[in-house]
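One structure is given here, and the rest of the page talks about it.
The values are calculated or read from the model by the stated rules, or taken from the named source; none is laboratory data. This is a predicted model, so every value here is computed, not measured. All Cβ positions, even for glycine, are placed from backbone atoms using ideal geometry, and neighbour counts span all protein chains on display.
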Amino acid sequence: MSVDTIQKIGIIGAGQMGLGIAQVSALSGYEVHIMDSVASQAEAAIGTIEQKMIRRVERGKITQAELDSALPLISASTNMAAFSDADIVIEAAIENEEIKKSILRQLCPVLKPSAIIASNTSSISITRLAAQTDRPDQFVGMHFMNPVPAMELVEMIRGIATSPETFKTVSDLAKRMGKSPVSAEDFPAFIVNRILMPMINEAVYTLYEGVGSVSATDNAMKMGLHHPMGPLELADFIGLDTFLAVVNVLHEGLADSKYRPCPLLVKYVEAGWLGRKTGKGFYDYTGDGDPIPTR
């Protein structure tokens, strides 16, 4: 299969990443079907994408004509059978290896033989995920950055069995979506998160050890290094559960104590303080004004 034969893209997961991938896919002219096992998520998907695209029109990022052309290309359901005519399915479920493996085992029987599977995993072995499918040569890592519509990079990861044809086709697809693919080897967390997550984890240790408060730590990085967001603010944006999952993959996969997740991070996740999506993490987002540090 070449990129010119791709017409329909399936996306598993109607969370922030899945909806972002759906948005850029439709704006690139592809028919898109989003599947989520949670009915409320699937039902809200198209409306959420429309609101996000309206904001991008207002900011001059896309035109009203582009929105009007893209929106009718998107559909959503809770039914995986809707992927029977998909040319590629991009898995964008929660960053949990067992859940992803279960999804892949359910997906393969409904796909046509030529269909490619890509995973948006940010840290998990592409080789292990591919082994759960009936087509490891047609399986590849396609890791988009968050927020998908605004970020240029897509990390492309080969599993041990990924064919050169599959890798080229999906890399070309990323380019058709206006992204810049960068090749990464199949090591835990790949390139971006291999570097980013230990930095954020160290910021949590800085807070845990009393070196600096939430505000001091974030402001130091924003003013001292010109980072657009402080590391603790960024952790809340990512989701502390997702952040912890990636750090655990690094710690377990590389067996190096330098990747040990900070106990304070573990405590926040255990408390259900997962960041922006739950209203509280390193900041409290439940008030009407600016977020308030929780420590």
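Structure data summary
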{"item": "Options Ala81, Ala93; residue that is touching a helix residue (DSSP H, G or I) at 6+ places or on another chain (Cβ under 7 Å), surrounded by fewer than 15 Cβ atoms within 10 Å (Cβ to Cβ) and of a type in the set (A, V, I, L, M)", "result": "Ala81"}
{"item": "Single residue of the stretch 169-190 satisfying the filter (touching a Lys or Arg at 6+ places or on another chain (Cβ under 8 Å) and in a loop (DSSP other than H, G, I, E, B)) that is surrounded by the fewest Cβ atoms within 10 Å (Cβ to Cβ)", "result": "Glu185"}
{"item": "Any hit, the stretch 107-122, residues being surrounded by fewer than 22 Cβ atoms within 10 Å (Cβ to Cβ), free of Cβ contacts under 8 Å to residues at least 60 places away in the same chain and within 19 Å of Leu19 (Cα to Cα)", "result": "no"}
{"item": "Residue list for the stretch 72-96, restricted to those being among the aliphatic types (A, V, I, L, M) and either on the phi > 0 side of the Ramachandran plot or over 21 Å from the mean Cα position of the chain (by Cα) (or both)", "result": "Leu73, Ala81, Ala82"}
{"item": "Within the stretch 121-157, tally of residues that are among the charged types (D, E, K, R) and within 17 Å of the chain's Cα centre (by Cα)", "result": "2"}
{"item": "Selected residue (only one of Ala22, Ala42, Ala26, Ala82 is in contact with a His (Cβ under 7 Å, 6 or more places away or on another chain), part of a helix (DSSP H, G or I) and closer than 28 Å to Ile126 by Cα)", "result": "Ala82"}
{"item": "Residue identified as outside the structural domain of Val154 (by TED's automatic domain parsing), out of contact with any strand residue (DSSP E or B) (no Cβ under 7 Å at 6 or more places or on another chain) and of a type outside the set (A, V, I, L, M, F, W, C) among Gly239, Gly272, Gly178", "result": "Gly272"}
{"item": "Within the stretch 198-295, helices (runs of 4 or more DSSP H) holding 2 or more residues that are within 23 Å of Glu98 (Cα to Cα) and of a type in the set (Gly, Ala, Ser)", "result": "240-254"}
{"item": "Selection from the stretch 139-167 of residues that are more than 14 Å from Ile21 (Cβ to Cβ) and touching a residue at least 40 places away in the same chain (Cβ under 8 Å)", "result": "Glu165, Thr166"}
{"item": "All positions within the stretch 3-19 that are closer than 22 Å to Leu111 by Cα and part of a loop (DSSP other than H, G, I, E, B)", "result": "Ile6, Gln7, Gly13, Ala14"}
{"item": "Qualifying positions in the stretch 259-284 - in contact (Cβ under 8 Å) with a residue 40 or more places away in the chain and over 18 Å from Leu244 (Cβ atoms)", "result": "none"}
{"item": "Scope the stretch 120-141; condition over 21 Å from His251 (Cα atoms) and in contact with a strand residue (DSSP E or B) (Cβ under 8 Å, 6 or more places away or on another chain); matching residues", "result": "Ala130, Thr133, Arg135, Gln138, Phe139, Val140"}
{"item": "Hits in the stretch 249-268 (condition: under 21 Å from Asp186 (Cα atoms) and of a type in the set (Ser, Thr, Tyr))", "result": "Ser257, Tyr259"}
{"item": "Filter pass, Thr166 being outside any strand (DSSP E or B), of a type outside the set (A, V, I, L, M, F, W, C) and touching a strand residue (DSSP E or B) at 6+ places or on another chain (Cβ under 8 Å)", "result": "yes"}
